[in-house]
Amino acid sequence: MSKEEFPGWHGTTIIGVRRGGEVVVAGDGQVSLGQTVIKGTARKVRRLSPGGQDVVCGFAGSTADAFTLLERLETKLEATPGQLARACVELAKDWRTDKYLSKLEAMLIVTDGDTLLVVTGAGDVLEPEHDIAAIGSGGNFALAAARGLMETDKDAESIARDAMKIASDICVYTNGNLTVEKISK
């Protein structure tokens, strides 16, 4: 089967919400191949602790590619302790210019509880507006829902969970089986 005929891996939704001194990153558990759900309990949000730092990452895209990027990020964090933004910029530079890494298909949401960033293979390291970041096939649905929920008195975790519920009701590549990690500063 050629790459053009291959149905392709689809979907996930990852959201990061910062509010009240904490950041919550939540991700769904669905992995789809074409129109088939291959797994419903994947864990796409992870906690890293390079050099004693506490960092939470969520990924969308190819799982193997994302794990490669998470390993590289961990190495960058060990080289630049306490400097999440710098580590992410160094990762993005490598990702964009390295022949091997440039073929990786994934996106990351990364936080140390202070900084919330989106890292892409295009060399982008973005600090999102409105204290919300969302990626993946249902990312725009979750982002829109979370933006509306920021007008309420809900905490970061409630906003993330409610936004993911809305996204999973709309996006066929997103389910309601969540992994949620919270980090405070």
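The values are calculated or read from the model by the stated rules, or taken from the named source; none is laboratory data. On a predicted model such as this, the values are computed, not experimentally measured, just so you know. So basically every Cβ, Gly included, is an ideal-geometry build from the backbone, and we count neighbours across all protein chains shown.
Per-residue answers, yes or no, for (1) touching a strand residue (DSSP E or B) at 6+ places or on another chain (Cβ under 8 Å); (2) crowded, with 22+ Cβ neighbours inside 10 Å; (3) closer than 25 Å to Gly52 by Cα; (4) of a type in the set (A, V, I, L, M, F, W, C):
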residue	(1), (2), (3), (4)
Arg72	no, no, yes, no
Gln83	no, no, yes, no
Cys88	yes, yes, yes, yes
Leu91	yes, yes, yes, yes
Thr111	yes, yes, yes, no
Ala122	no, no, no, yes
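Specify which of the listed residues (Ala163, Ala167, Ala106, Ala156) is closer than 20 Å to Gly40 by Cα, at pLDDT 95 or above and in contact with a Gly (Cβ under 8 Å, 6 or more places away or on another chain). Steps first, please.
Working: Ala163 fails: in contact with a Gly (Cβ under 8 Å, 6 or more places away or on another chain); Ala106 fails: at pLDDT 95 or above; Ala156 fails: closer than 20 Å to Gly40 by Cα.
Selected residue: Ala167, the only one of Ala163, Ala167, Ala106, Ala156 that is closer than 20 Å to Gly40 by Cα, at pLDDT 95 or above and in contact with a Gly (Cβ under 8 Å, 6 or more places away or on another chain).
Sort out which residues of segment 74-85 are free of Cβ contacts under 8 Å to residues at least 40 places away in the same chain and within 18 Å of the chain's Cα centre (by Cα), and write them in order of number. Steps first, answer last, please.
Of the residues in segment 74-85, the ones free of Cβ contacts under 8 Å to residues at least 40 places away in the same chain are 74-84.
Result: Glu74, Lys76, Leu77, Leu84.
Would you check which residues across segment 58-71 are among the β-branched types (Val, Ile, Thr) and either part of a strand (DSSP E or B) or in contact with a Lys or Arg (Cβ under 9 Å, 6 or more places away or on another chain) (or both) and list them? Don't jump to the end; show me each part of the working.
Of segment 58-71, the ones among the β-branched types (Val, Ile, Thr) are 63, 68.
Within segment 58-71, Thr63 is the sole residue that qualifies.
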When segment 142-171 is checked residue by residue, the ones that are more than 17 Å from Val24 (Cβ to Cβ) and in contact (Cβ under 8 Å) with a residue 60 or more places away in the chain are Cys171
- Task: Would you check if there is a residue in segment 130-140 being aliphatic (A, V, I, L, M) and more than 24 Å from Pro50 (Cβ to Cβ)?
- Result: yes
Considering segment 105-129, residues that are touching a helix residue (DSSP H, G or I) at 6+ places or on another chain (Cβ under 6 Å) and not in a strand (DSSP E or B), and then whichever is farthest from Leu77 (Cα to Cα), we arrive at Glu105
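Counting only residues that are assigned to a loop (DSSP other than H, G, I, E, B), touching a helix residue (DSSP H, G or I) at 6+ places or on another chain (Cβ under 8 Å) and on the phi < 0 side of the Ramachandran plot, how many does segment 6-57 have? It would help to see each step written out before you state the result.
As a first pass, look at segment 6-57 and keep what is assigned to a loop (DSSP other than H, G, I, E, B): 6-8, 11-12, 20-21, 28-30, 34-35, 40-44, 49, 53-54.
In the following step, the residues that additionally are touching a helix residue (DSSP H, G or I) at 6+ places or on another chain (Cβ under 8 Å) were identified as 20, 28, 42, 44, 53.
Right, trim to on the phi < 0 side of the Ramachandran plot and you get 28, 42, 44, 53.
Result for segment 6-57: 4.
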Pairs returned, first residue in segment 91-116 that is under 15 Å from Cys57 (Cβ atoms) and touching a residue at least 24 places away in the same chain (Cβ under 8 Å), second residue that is in a helix (DSSP H, G or I) and among the charged types (D, E, K, R), beta-carbon separation under 9 angstrom, 6 or more apart or interchain, are Leu91/Arg72; Leu91/Lys76; Trp95/Arg72; Leu104/Asp65; Ala106/Asp65; Leu116/Asp131
Sole miss for Ser102 among (1) in a helix (DSSP H, G or I); (2) under 17 Å from the mean Cα position of the chain (by Cα) is condition (2)
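Considering only residues of segment 131-142 that are over 18 Å from Thr115 (Cα atoms) and part of a helix (DSSP H, G or I), which is nearest to the chain's Cα centre (by Cα)?
Of the residues in segment 131-142, the ones over 18 Å from Thr115 (Cα atoms) are 136-142.
Next cut, part of a helix (DSSP H, G or I) only: 139-142.
Details: Gly139: 9, Asn140: 13, Phe141: 14, Ala142: 12 Å.
It comes out as Gly139.
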Going through segment 46-70 in order, the residues found to be over 14 Å from Ile183 (Cβ atoms), crowded, with 21+ Cβ neighbours inside 10 Å and of a type in the set (A, V, I, L, M) are Ala60, Ala66, Leu69
